[in-house]
Amino acid sequence: MKKMILAAAVFAAFATSASAQQAAAAPEHTFTGNVTLASDYRFRGISQTYRRPTIQGGFDYAHSSGFYVGNWNSNVSGNQYPDGASLEMDLYGGYKFEVMPDLTADVGLLKYYYPGASIAGVKPDALELYVGATYKWFSAKYSHAISDDYFGFTNADGSYYLDLNANFEIAEKTTLGLHVGRQKFKNYGAFDYTDYKIGVSRDFGFATLGLAYVGSNAESGSYTYSNASGTRSKDVSKSTVVVSLSKTF
């Protein structure tokens, strides 16, 4: 009996020591990067590249306390963001914390910046405050406009986007993703819509391959743009299949 008690005590001491070593090994500062090639850049269901391919990438810094900052960039279409550099730059920062086991909360600010771009004399830049939560396979996020100018609309502060997602591992390194979102523009109801996405991604180690069907119920007339010469128009809200190849490092 004494031998069993002694063995249990030794095991408990070893387990405690191992846990302490793992906790001590957790980095205080974490830096990551990401790059993506895709057949289309869909932001909240709407193409930002005139239904053409995109290259995207960014960097993130996270502190063990839960604070983080980051930058993400993508090409965008000059037909939709004229007079600019055909570039979107996102700058963000926030704080993530555990509310209880399996439940994590996230709050932060995100700035959308389109260098030099102007839509009918209005800058398409936007600033949002977001609050989100993740519970196991489900996540929800609410983004609220706190800038007067909002993606080319004036007096649109108070607009919002509600984002719901579910991700399930259906096979080893293979994930099924489901998404639905609601974009609401204050004072511009004709541009309101709901978007959705159904996708599958597979991590091959060297990169992750994704295949997704993206659509919305946006009004075609509100999201149809002409090219610079006016010889062709496209409905950038039209449903499509997006193929992507991404890598986080």
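Excluding same-chain residues fewer than 8 positions from LYS96, which aspartates and glutamates have a Cα within less than 16 Å of its Cα? Output for LYS96: GLU28, ASP60, ASP106. Taking other residues whose beta carbon is less than 15 angstrom from the beta carbon of ALA117, and scoring Lys, Arg as +1 and Asp, Glu as -1, yields -3.
Considering only ASP125, ASP102, ASP235, the mean-square fluctuation computed in a Gaussian network model of the chain, springs between alpha carbons under 10 angstrom, is largest for ASP102. The GluC sites (Glu not before Pro) of the stretch 142-249 that meet both conditions, a loop assignment by DSSP and at most 15 other Cβ atoms within 10 Å of the site Cβ, are GLU172, GLU219.
Based on DSSP H segments of at least four residues, each scored -39500 (n - 2.57), the chain has a per-residue ellipticity at 222 nm of -3500 deg cm²/dmol.
To test your reading of the geometry: what angle, between 0 and 90 degrees and rounded to tens, separates the Cα axis of helix 2-25 from the longest principal axis of the chain? The helix 2-25 is inclined about 30 degrees to the chain.
Comparing ALA207, ALA171, ALA85 in a Gaussian network model of the chain where C-alpha atoms under 10 Å apart are linked, the largest mean-square fluctuation is found at ALA171. For the stretch 95-249, the dipole from Cβ point charges (+1 on Lys and Arg, -1 on Asp and Glu) about the Cα centre works out to 380 debye, to the nearest 20. Pairs exceeding 22 Å between alpha-carbon atoms, taken from LYS197/LYS234; LYS141/LYS186; LYS184/LYS247: LYS184/LYS247. When the Gaussian network model of the chain links Cα atoms closer than 10 Å, the mean-square fluctuations of VAL200, VAL99, VAL180 top out at VAL99.
Hydrodynamic estimate: the Kirkwood radius of the chain over Cα pairs, inserted into Stokes-Einstein at 25 °C and 0.890 mPa s, corresponds to D of 120 µm²/s. Computed packing ranks the peptides 62-68, 237-243, 193-199 as 193-199, 237-243, 62-68, most packed first, by mean other Cβ atoms within 10 Å. Answer with one residue from LEU164, LEU176, VAL214: the one whose Cα lies farthest towards the positive end of the charge dipole of the stretch 135-222, charges on Cβ with Lys, Arg +1 and Asp, Glu -1. Selected residue: LEU176. Of all DSSP beta bridges confined to the chain, the antiparallel ones make up roughly 100%. Using a probe radius of 1.4 angstrom, the carbon and sulfur fraction of the accessible surface of the stretch 91-249 is 59%.
For the pair the stretch 46-67 and the stretch 136-188, the centres of their Cα atoms are 14 angstrom apart. The trypsin sites (Lys or Arg not before Pro) of the stretch 76-163 that DSSP puts in a loop, and whose beta carbon has at most 14 other beta carbons within 10 Å, are LYS136. Bridgeable lysines around LYS123 (alpha carbons under 16 Å apart, same-chain partners fewer than 8 residues away excluded): LYS111.
The values are calculated or read from the model by the stated rules, or taken from the named source; none is laboratory data. None of the values given here were measured: they were computed from a predicted structure. Backbone-built Cβ (ideal geometry, glycine too); neighbour counts: all protein chains shown. In case anyone asks, the SASA skips ligands and DNA or RNA and just uses the protein heavy atoms, side chains included. Shrake-Rupley method; radii C 1.70, N 1.55, O 1.52, S 1.80 Å.
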